[in-house]
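A short reminder: the numbers here are calculations on the coordinates, not readings from a lab. No experiment lies behind these values; they were computed from the predicted model shown. For neighbour counting, all protein chains shown are included, and Cβ atoms are generated from backbone atoms with ideal geometry for every residue, glycine included.
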Amino acid sequence: MCGIIGYLGERSAAPIIMASLKRLEYRGYDSAGVAIFNEADGQTSVVKSAAKVDTLVERLTEEMPEGRLGIGHTRWATHGRPTVINAHPHTDCHKQIMVIHNGIIENFAELRKDLQARGHVFISETDTEVVPHLIEENDQGDLVAAVRAALTKLRGAYAMAIFSQKDPDLLIGARLNAPLVVGIGDKEWFVASDITAVIPYTKKVLLLGEGEMVSITRLGPEVSTIGGASVKPKIIEVKWDISQAQKGGYPHFMAKEINEAPEAVSNALRGRLTDEGEVTFEEFGLTDRQLLKISNIKMVAAGTSYYAALLGKYIVEDLARIPVEVEPASEFRYRQPIIDQDTLVIGVSQSGETADTLAAIREARERKSKVVSITNVVGSSMALESDGVIYLHAGPEIGVASTKTFIAHLTCLYLLGIRLAAIRHRLAPERLRELTAELKTLPEAVQSVLDRAEQIQALAKKYSGHRNFMYIGRGINYPIALEGALKLKEISYLHAEGYAAGELKHGPIALLDGGFPVFAVATQAATLEKMVSNIQEVIARDAPVIALVTAGDHTLDEIEADRFEVPEVSEFVSPIVNVVALQLFAYFVATERGCNVDQPRNLAKSVTVE
Ligand code: AGP
């Protein structure tokens, strides 16, 4: 969604805001804008661009506005096209109050009508513009009170940063159903959509809770609820540094993040899995006794995380023999799900902020289920609102397409499966030791796929002219086929479908012809022979085949297909190795086609609207 940043301090605000906007651009990138207050002349410079942050930076570099207070926004349009007028900040009738916003004001139409009836003049098509007008209407000299009064009239989701020319030593932030953090520096403060924006300046971060606001003066921040009750601030020390949020010599964040897959596995395992297979999670929140009471599990997630959850079903059911259902979070909440206090609901989300998934876990808690979230973002809404949390420890993921966090999610799901199996005594010690050893060798296996990226690049080059792709997999690699297809379509804009290989003959095979390549995940598996039959059916329809095969396995030797070999690992853990090859294939097809892989069109990293 949108990225927001606000600064109050001793330094020139504009360069800090521009640099922060660049780091927030993954959240939305169709237009951008800043407002900088200059205490010398008491005026605010508002500069906007109907394009990416770079265009704004070019304009600002020509004439850098002076001032030690400012806000900046990078937009993912919801209400109104990405034009200069619709770009944030938005302001009131007298151009005193500056507001930037991430989220959606659901009741904006009626608020706008009422405000217009009372004489307020609107210039944009956005939902956000009602906010400065509402503040203006409630402003009787106390900006904090006016903001509070305005916020209580809003329905929907918001993270906002606000200042007024009349009160230039005050920066206000507020959040409801959208993320906002406060960076605490040396005589300087930041409000931002995420930690990445502020990490070059400070590692001390105040996590603003749901329904809270912060008023920052030159004396520091004060946190309260929107209603006005004072709140004890929750401050954390960030453990990672800015180098992890930079490209580090790679042409794209996505390339860097795919290459971080071995580390993603190691970091997710670190300190959590003993050689004997004992699993501990630091902030899990549920006791063994509570876990033993659980009779069924529901996993809720969206997009790539949904496919990770689908894989979670295979893992947990196989290891712990607990029935698992997986559902897109956007569907779960609106269909009266059958869950109760014996259900464990697991929210799977790299950002921990996806509106659909957040709403689904809230629904689960209302229905008295226990909730655990598996997420990468410390202090994210899902983490704060769950009974327990499993952090991915994958470091920041900036590319819009999830790659290393998918790998980390899978790793955590294996660990969770082992933990649930252990307390139910479902795993023989021998099998447990074997699985532990397999998980620990995964980083090496993944690295060997990465080391042969050039071969995948050559395949991508050969196939990048096609417009349609089919991905097929079986068993535990079926979700990997789905994820392979999603990765390709989101960054290359090509049509790609993922199917269970056995389902192909029940309909989609009608699509195939010489121009419709099929990517088959055909690594060693109990069902490999069946997969070979499915591949034969594809070849009989003249469709070209790219097969992912296990090194040293000769089952497909006689088959007419392009091949990429992955190292031998057990079928059960093979998804982690296989998906890296599919991520690389998508990456190389997209770069071959000249697509912007880090910021694909129409997408945003964390989707905080329903
Ligand atoms: C992943 O490549 C996509 N950008 C998207 O499907 C994403 O997985 C989905 O929006 C869910 O995000 P989350 O993991 O932050 O909840």
So if R0 is 22 Å, what FRET efficiency would Ile539 and Lys462 give, r being the distance between their Cβ atoms, rounded to the nearest 0.05?
0.85
Compute the relative contact order of the range 253-449 as a whole-number percentage, counting only Cα pairs closer than 8 Å that sit 6 or more residues apart in sequence.
32 percent
Using the Cα centre of the chain as the reference point, and only Cβ charges (+1 on K/R, -1 on D/E), how large is the resulting charge dipole? Debye, rounded to the nearest 20.
700 debye
Antiparallel DSSP beta bridges within the range 253-449, as percent of all bridges there, nearest 5
5 percent
Relative contact order (%) - criterion: Cα under 8 Å, at least six apart; region: the range 3-241
19 percent
Which one, Thr523, Tyr587, Val607, projects farthest toward the positive side of the charge dipole computed for the range 517-610 from Cβ point charges (K/R +1, D/E -1)?
Val607
Mind listing P(r) for the range 483-554? All alpha-carbon pairs, 5 Å bins, whole percents.
4, 15, 26, 25, 19, 9, 2
How many nm is it between the label spots at Gln341 and Asp557, if each spot is 7 Å from the Cα in line with the beta carbon?
6.2 nm
I want to check a number: in the range 452-592, how many lysine pairs have alpha carbons closer than 23 Å, given a sequence separation of 8 or more or different chains?
6
Quick one: Cα convex hull volume of the range 290-356, Å³ per residue?
86 Å³
Label zone at Glu283 (point 7 Å along Cα-to-Cβ), backbone N below 19 Å, the range 329-360
345-355, 357-359
What 222 nm value per residue comes from the helices of the chain, counting each DSSP H run with n ≥ 4 as -39,500 (n - 2.57) and dividing by all residues, nearest 500 deg cm²/dmol?
-10500 deg cm²/dmol
Have a look at His101, Val573, Ile226 and report the one farthest towards the positive end of the charge dipole of the chain, computed about the Cα centre with Cβ charges (Lys/Arg +1, Asp/Glu -1).
Ile226
Inter-probe distance in nm under a simple model that places probes 7 Å from Cα toward Cβ, at Ala510 and Lys187:
7.3 nm
Out of the DSSP beta bridges found with both residues in the chain, what percent are antiparallel (nearest 5)?
65 percent
What FRET efficiency would be calculated for the residue pair Lys232, Asp142, taking the C-beta separation as r and a Förster radius of 25 Å, to the nearest 0.05?
0.60
Lys pairs, the range 3-241 - Cα-Cα below 12 angstrom, 8 or more residues apart or on other chains:
5
Counting C-alpha atoms alone, how compact is the range 365-473: give Rg to one decimal and Dmax as a whole number, in angstrom.
18.6, 53
I'd like the FRET efficiency for Val84 and Glu366, computed as 1/(1 + (r/R0)^6) with the beta carbon distance as r and R0 of 35 Å, rounded to 0.05.
0.25
Starting from the Kirkwood Rh over alpha-carbon pairs, what translational D in µm² s⁻¹ does the chain have by Stokes-Einstein at 20 °C and 1.002 mPa s?
85 µm²/s
Which lysines does Lys293 reach when only Cα atoms under 24 Å apart count, and residues fewer than 8 places away in its own chain are ignored?
Lys313, Lys368, Lys370
